[in-house]
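Have a look at the structure below before the remarks.
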Amino acid sequence: MPIKTTGDHIRDVPLAKVGGKGLFVKEIEEALLARRVDIAVHSLKDVPDKIPHGLCLAGFLEREHPFDAFVSNRYDSIESLPSGAKVGTSSIRRIAQLLGVKRDVQIVPLRGNVDTRLRKLDMGLDAIVLAMAGLVRLGFGDKARKILSPPMFVPAVGQGVIALECREEDEELKALIKTLTHEETRIAVEAERAFLKTVGGGCQVPLGGYASCDGEKVRMIGMIATVDGTKVLKAWEEGEVKEAGNVGQRLAKRLLEEGGKAILDELLNQ
């Protein structure tokens, strides 16, 4: 059944100014709770750290490309952009990291689907930054001039992951969904969402996190920044796979102690 979310309706305002990432899941979760649907399919980076009571994230499909992509008709990288170049994005996480790399670019708000964003390159924008996963899934992977990967560029928590949500009480459905889960993706998600929940701040704070598994170890990078990119804090943490959530929590606490809390307090009190 088609459901149009608030985030789908609002295309001309940055999400941080109208309620954040939950705008893409609210109506769908309401349909789950009302039993109009039984399973919700989300882009995990759009799911807030808090899930409504009675619902759960029951499964995670194998992660598509987790990083951001630099796309331009004329330039090969952020560093090669000329002074004053117009770069399209409405993500405060991307804005902070862009300005941290290249302070003299001009940020232009950019919303809409992938097709709409790509067309903006033919209408005056010098470059755009968007999720590589979206490009790949829609057959536009060749448009990427450069993959923006850690440690220079940290993606959103859950980027590239498709999550399946259902009612907590539906045990049979949860068991069915679990068979679709990619275990390494689930472990990475556990670390990343623990990081997100511990940091807090919602969509108003430029933050990112990416975890990966290597045998019995999980390694994660986290980032907290000021919107103008003058301060971009990053750190790594690792631990056993069985304690993935603790890895994310430790990383969040470390970044908060190293200056992240001051950044959050300033942003949230503006």
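The values are calculated or read from the model by the stated rules, or taken from the named source; none is laboratory data. Quantities reported herein were computed from a predicted structural model and do not represent experimental measurements. We place every Cβ from the backbone using ideal geometry, glycine too, and count neighbours over all the protein chains shown. Ligands, DNA and RNA are excluded from the accessible area calculation, which covers all protein heavy atoms including side chains. Shrake-Rupley method; radii C 1.70, N 1.55, O 1.52, S 1.80 Å.
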Q. Does Leu138 satisfy being closer than 30 Å to Ile39 by Cβ, of a type in the set (A, V, I, L, M) and surrounded by fewer than 17 Cβ atoms within 10 Å (Cβ to Cβ)?
A. yes
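Listed here are the residues, each with its yes/no results for (1) of a type in the set (Lys, Arg); (2) in contact with a Gly (Cβ under 7 Å, 6 or more places away or on another chain); (3) touching a residue at least 60 places away in the same chain (Cβ under 8 Å).
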| site | (1), (2), (3) |
| --- | --- |
| Ile128 | no, yes, no |
| Val154 | no, yes, yes |
| Gly158 | no, no, yes |
| Glu168 | no, yes, yes |
| Leu173 | no, no, yes |
| His182 | no, no, yes |
| Ala188 | no, no, yes |
### Query
Would you say Gly54 is modelled with pLDDT of 95 or more, under 30 Å from Thr181 (Cβ atoms) and touching a helix residue (DSSP H, G or I) at 6+ places or on another chain (Cβ under 9 Å)?
yes
Going through segment 165-212 in order, the residues found to be among the basic types (Lys, Arg) and open to solvent by 50 Å² or more (accessible area, probe 1.4 Å) are Lys178, Arg186, Lys197
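Return yes or no: is Val157 among the aliphatic types (A, V, I, L, M) and open to solvent by 40 Å² or more (accessible area, probe 1.4 Å)?
Numbers: among the aliphatic types (A, V, I, L, M): yes; open to solvent by 40 Å² or more (accessible area, probe 1.4 Å): no.
Criteria not met by Val157.
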So is Lys231 within 26 Å of His53 (Cα to Cα), in contact (Cβ under 8 Å) with a residue 12 or more places away in the chain and open to solvent by 50 Å² or more (accessible area, probe 1.4 Å) or not? no
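Rundown of residues vs (1) under 17 Å from Glu168 (Cα atoms); (2) open to solvent by 50 Å² or more (accessible area, probe 1.4 Å), yes/no style:
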| site | (1), (2) |
| --- | --- |
| Ile28 | yes, no |
| Leu44 | no, no |
| Gly54 | yes, no |
| Ala58 | yes, no |
| Glu64 | no, yes |
| Ala69 | no, no |
| Ser77 | no, no |
| Ser80 | no, yes |
| Lys86 | no, yes |
